[in-house]
Amino acid sequence: MSKIQINKEKGTIKLLEVRLSYPHLFAPWSKEEDGKKKYSGRFIMPNSTHEAENETLSEYLAKLKKEWFPKGGVKSEGLFHRDGGNEDKPELEDAWYVAASESMRPQIIGRRREVITESDDIVYAGCYGNVLIKPWKQDNTFGKKINANLIAFQFVRDGERFGAERPDVNEEFEDVDEDDAPKKRSRGGDGLD
């Protein structure tokens, strides 16, 4: 089964079984302190599992470039589908990724299309999911690009988390006996009892 679904009528692209990286799905974020904050993420497509999909997406973007920019002028770094081999990140080795963002919060759902919130702690850098994006043409003083709006993300399965693992609290702390616990202080007056 193909892991890419291009809907030309709606102008959307659905990518299946991608790995989430740099997730800013629940709160907007900006690289620059005074920059416009957006919801965003990178969606990794390893060649080992998505080689055909990477080729299909590259071919589709080539067609969009010809249609939207007949005189040319769009460089590869101006596309939302990028070669991870150009970056010094182990998770991007022999992989491509899609960079997508949106000023409106994307819909985040689970396997059964239930709404997921940040406090559920289900969506994280390294998990796998399906993403719905919508390409759009940028042609202004900031350059010529083909960007992608981030429409929705569906959690599919767990993966090894990127970044530092959380410590095991059972290894870091010991039980505290009642006798060893600090005495409760009263909240009245000067606090001296």
Query raised in the report: How many residues are outside any helix (DSSP H, G or I) and either under 20 Å from Lys134 (Cβ atoms) or in contact (Cβ under 8 Å) with a residue 40 or more places away in the chain (or both) when one looks only at the range 76-86?
Result: 4
Report task. Identify all residues within the range 90-127 that are more than 14 Å from the chain's Cα centre (by Cα), among the small types (Gly, Ala, Ser) and open to solvent by less than 30 Å² (accessible area, probe 1.4 Å); write none if there are none. Result -> Ala95, Gly110
Requested in this report: Go through the range 52-80 residue by residue and tally those that are under 21 Å from Phe153 (Cα atoms) and open to solvent by 30 Å² or more (accessible area, probe 1.4 Å).
Outcome: 1
Query raised in the report: Among the numbered criteria (1) in a strand (DSSP E or B); (2) of a type in the set (D, E, K, R); (3) farther than 21 Å from Asn54 by Cα, which single criterion is violated by Arg112?
Result: (1)
Report task. Under 6 Å between Cβ atoms, at least 6 apart or on separate chains: pull out the pairs that start in the range 21-45 with a residue that is over 30 Å from Asp94 (Cβ atoms) and end on any residue that is open to solvent by less than 60 Å² (accessible area, probe 1.4 Å) and outside any strand (DSSP E or B). Result -> Lys37/Ser30
Report task. Would you check if there is a residue in the range 30-41 being open to solvent by less than 40 Å² (accessible area, probe 1.4 Å), farther than 18 Å from Ile151 by Cβ and not polar (S, T, N, Q)? Result -> yes
Query raised in the report: Does the range 96-114 include one or more residues that are at pLDDT below 95, out of contact with any His (no Cβ under 8 Å at 6 or more places or on another chain) and within 27 Å of Lys37 (Cα to Cα)?
Result: no
Query raised in the report: For the range 1-20, how many residues are assigned to a strand (DSSP E or B) and without any contact (Cβ under 8 Å) to a residue 40 or more places away in the chain?
Result: 2
Query raised in the report: Looking at the range 44-51, is at least one residue part of a loop (DSSP other than H, G, I, E, B) and closer than 22 Å to Arg157 by Cα?
Result: no
Report summary line: Checked against (1) open to solvent by less than 70 Å² (accessible area, probe 1.4 Å); (2) modelled with pLDDT of 95 or more; (3) in a loop (DSSP other than H, G, I, E, B), Phe153 satisfies every condition except (3)
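The values are calculated or read from the model by the stated rules, or taken from the named source; none is laboratory data. Because the structure is predicted, anything quoted here is derived from the model rather than measured. Don't worry about glycine lacking a Cβ; one is built from the backbone with ideal geometry, like all the others, and counts go over all protein chains shown. For the accessible areas, the whole protein counts, side chains as well, though only heavy atoms, and no ligand, DNA or RNA atoms are used. Shrake-Rupley method; radii C 1.70, N 1.55, O 1.52, S 1.80 Å.
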